[in-house]
Amino acid sequence: MEQQYPSLLLERAVGEFSKLPGIGRKTALRLVLHLLRQPAEEVEKFAHAIAEVRNEIKYCKVCHNISDTDVCQICSDKRRDKQTICVVENIQDVMAIENTQQYNGLYHVLGGIISPMDGIGPNDIEINSLVERVEQDDIKEVIMALSSTMEGDTTNFFISRKLAAYPVKISVIARGISVGDELEYTDEVTLGRAILNRTKPEQ
């Protein structure tokens with residue numbers, strides 16, 4: 001039976017919240033009712049923060065990570081190892097690896113992985129800009145830190161072939177991570193060890 005709402009405004013708000021991943025209509029209703037119980041200025045602060053993150057946030061022009069500025073804090077940090085790039089699928093993976101405190105190089109966010117079934121090809125993700133970085137900067141090592149899935153392995157192989165002509169070491173994170181696991185859900189200790197114990201990719 002479809003939920004009946006005493007207010008069209010309430011129903012509309014629940015509908016918007018339920019569009020978020022992992023949020024059903026019951027949870028959405030709880031969240032909206034919670035906001036209704038808060039002071040108006042708190043709700044306005046909440047709404048402003050969401051609008052601001054959508055309108056003001058940038059993507060680093062070097063690595064494509066989320067940033068408040070044109071170049072992110074990691075890329076602009078002089079203490080980072082500028083000769084090592086860790087290639088990841090998404091921004092959550094950058095956060096996961098940073099939380100391990102086992103890596104001090106730079107990143108390159110692909111924005112996805114090659115997946116023909118989903119219509120995602122090499123030109124749909126940030127592979128060409130990675131090749132440009134290797135070509136133009138003094139990069140010594142590229143670490144492939146993609147999920148251990150068929151799509152992740154396909155992307156690893158494609159990038160390795162693209163970089164084969166350059167004098168750069170290519171490594172993959174160790175398989176302490178189970179096959180099929182998403183990087184962002186891996187615990188920090190396992191992920192940290194996988195970064196430290198990286199290996200050459202299989203040909």
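The values are calculated or read from the model by the stated rules, or taken from the named source; none is laboratory data. Note that the structure is a prediction, hence the values are computed from the model and not measured. Using ideal geometry, Cβ is built from the backbone for each residue, glycine included, and neighbour counts are taken over all protein chains shown.
Tabulated data for the structure shown
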read-out: Some residue of region 83-90 being surrounded by fewer than 21 Cβ atoms within 10 Å (Cβ to Cβ), farther than 18 Å from S171 by Cβ, among the β-branched types (V, I, T) and in contact with a strand residue (DSSP E or B) (Cβ under 9 Å, 6 or more places away or on another chain); value: no
read-out: Q136 vs. criteria in contact with a helix residue (DSSP H, G or I) (Cβ under 8 Å, 6 or more places away or on another chain) and at pLDDT below 95; value: no
read-out: Pairs with Cβ under 8 Å, 6+ apart, first in region 92-104 and in the same structural domain as R80 (by TED's automatic domain parsing) and surrounded by 15 or more Cβ atoms within 10 Å (Cβ to Cβ), second part of a loop (DSSP other than H, G, I, E, B) and modelled with pLDDT under 95; value: D93/A145; A96/T186; I97/Y103; I97/A145
read-out: Residue, nearest to I85 (Cα to Cα), within region 99-149, restricted to residues that are in a loop (DSSP other than H, G, I, E, B) and β-branched (V, I, T); value: I139
read-out: Residue in region 44-53 that is closer than 30 Å to I170 by Cβ and exposed (fewer than 15 other Cβ atoms within 10 Å of the Cβ) present; value: no
read-out: Single condition D77 does not satisfy, out of (1) surrounded by 10 or more Cβ atoms within 10 Å (Cβ to Cβ); (2) not assigned by TED's automatic domain parsing to the domain that holds N90; value: (2)
read-out: Check on K19, in a loop (DSSP other than H, G, I, E, B), loosely packed, with under 14 Cβ neighbours inside 10 Å and either touching a Gly at 6+ places or on another chain (Cβ under 8 Å) or outside the structural domain of I125 (by TED's automatic domain parsing) (or both); value: yes
read-out: Residue, farthest from V134 (Cα to Cα), within region 39-81, restricted to residues that are of a type in the set (V, I, T) and part of a helix (DSSP H, G or I); value: V43
